[in-house]
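The values are calculated or read from the model by the stated rules, or taken from the named source; none is laboratory data. Please read all numbers here as calculations on a predicted model, not as lab measurements. All Cβ positions, even for glycine, are placed from backbone atoms using ideal geometry, and neighbour counts span all protein chains on display.
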Amino acid sequence: MGSGYARCIERNVTRVVDGDTVDVSGGLRIRLVLVNAPELSEAGGPEAKTYLESKCLNASALIDEDDFQVGDDPYGRVLAVVYCAGTNANAAMISAGRAETYYSFCRDSEFGNEAWTGCSSRPPPPPGNCDAAYPDVCIPSPPPDLDCADIPYRKFRVLPPDPHRFDGDMDGIGCESG
């Protein structure tokens, strides 16, 4: 859980970094909370960026920071819902199929119960031999030792001690690439 005070500010979008990150006036970088767009180097990445640009670039945006995740982004971005010219850009990216819901953070976000997120449509991980280090997906404890190539999950939350070592850069997110 984050600490501090969540911002609700209005700024102009000066740059669209990719399909889930924008820069706004005042030097802030905003990460669209609960939105997981492909990276620019991945299939659909450039299209996701172009779509977000069509909604937000040079638009006035209301940034509603996630009250539950203030200061939680490992890259120093503000995690928020961004309303560009009155349109919820987070919801637009998901509904247009340019991004997916970032399910790993549904429980962490103040917006997790909102219909646009799709969080409620995904069942919780099945019970059973699920290691507690991976709270949002069901991955068994070793043995055997698994690699990212052995599992279907990407970009999921990882808690210490990370017995499979899925979080190589130790930012709390496992299997970020590939």
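Take the residues of region 12-47 that are assigned to a strand (DSSP E or B) and either in the same structural domain as Gly172 (by TED's automatic domain parsing) or of a type in the set (Asp, Glu) (or both): which is farthest from the chain's Cα centre (by Cα)? Give the steps one after another, and end with the answer.
First, the residues of region 12-47 that are assigned to a strand (DSSP E or B): 12-18, 21-24, 28-32, 35-36.
This time we only want the ones that are either in the same structural domain as Gly172 (by TED's automatic domain parsing) or of a type in the set (Asp, Glu) (or both), so: 18, 23.
On the way: Asp18: 13, Asp23: 16 Å.
The selected residue is Asp23.
Could you list, in sequence order, all residues of region 116-142 that are at pLDDT below 85, of a type outside the set (A, V, I, L, M, F, W, C) and either over 30 Å from Val81 (Cα atoms) or in a helix (DSSP H, G or I) (or both)?
Once the filter is applied, which keeps residues that are at pLDDT below 85, of a type outside the set (A, V, I, L, M, F, W, C) and either over 30 Å from Val81 (Cα atoms) or in a helix (DSSP H, G or I) (or both), region 116-142 yields Ser120, Ser121, Pro127, Gly128, Asn129.
Which of the residues that make up region 61-101 are acidic (Asp, Glu), without any contact (Cβ under 8 Å) to a residue 60 or more places away in the chain and part of a loop (DSSP other than H, G, I, E, B)? Give the derivation first.
From region 61-101, those acidic (Asp, Glu) are 64-67, 72-73, 100; that's our starting set.
Right, trim to without any contact (Cβ under 8 Å) to a residue 60 or more places away in the chain and you get 64-65, 73.
Scanning region 61-101 gives a single hit, Asp73.
Taking Tyr51, is it surrounded by 16 or more Cβ atoms within 10 Å (Cβ to Cβ), assigned to a strand (DSSP E or B) and at pLDDT 95 or above? Steps first, please.
On the way: surrounded by 16 or more Cβ atoms within 10 Å (Cβ to Cβ): yes; assigned to a strand (DSSP E or B): no; at pLDDT 95 or above: yes.
No; evaluated as a whole, the condition is false for this residue.
Determine if region 45-67 includes at least one residue that is in contact with a helix residue (DSSP H, G or I) (Cβ under 6 Å, 6 or more places away or on another chain) and more than 16 Å from Cys84 (Cβ to Cβ).
No, there is no match, as no residue in region 45-67 is in contact with a helix residue (DSSP H, G or I) (Cβ under 6 Å, 6 or more places away or on another chain) and more than 16 Å from Cys84 (Cβ to Cβ).
Let me spell it out: the conditions are (1) under 12 Å from the mean Cα position of the chain (by Cα); (2) outside any helix (DSSP H, G or I); (3) surrounded by 16 or more Cβ atoms within 10 Å (Cβ to Cβ), and Ser104 meets all of them except one. Which number is the exception?
Unmet for Ser104, out of (1) under 12 Å from the mean Cα position of the chain (by Cα); (2) outside any helix (DSSP H, G or I); (3) surrounded by 16 or more Cβ atoms within 10 Å (Cβ to Cβ): (2).
Go through the residues of region 106-123 one by one and say whether even a single one is β-branched (Val, Ile, Thr) and in contact with a helix residue (DSSP H, G or I) (Cβ under 6 Å, 6 or more places away or on another chain).
Step one: filter region 106-123 for residues β-branched (Val, Ile, Thr), giving 117.
After this cut, where a residue has to be in contact with a helix residue (DSSP H, G or I) (Cβ under 6 Å, 6 or more places away or on another chain) as well, the list is none.
For region 106-123, residues β-branched (Val, Ile, Thr) and in contact with a helix residue (DSSP H, G or I) (Cβ under 6 Å, 6 or more places away or on another chain): absent.
Looking at region 7-23, I want the residues that are in contact (Cβ under 8 Å) with a residue 40 or more places away in the chain and have a partner that is of a type in the set (S, T, N, Q) with Cβ atoms under 6 Å, at least 6 apart or on another chain. Which pairs are those?
Correct list of pairs: Arg11/Ser25; Asn12/Ser25; Asn12/Ser60; Thr14/Ser25.
Against the definition (surrounded by fewer than 16 Cβ atoms within 10 Å (Cβ to Cβ) and more than 20 Å from Ile9 (Cβ to Cβ)), how does Ser60 come out, yes or no? I'd like the intermediate steps shown before the answer.
On the way: surrounded by fewer than 16 Cβ atoms within 10 Å (Cβ to Cβ): yes; more than 20 Å from Ile9 (Cβ to Cβ): no.
In short, no.
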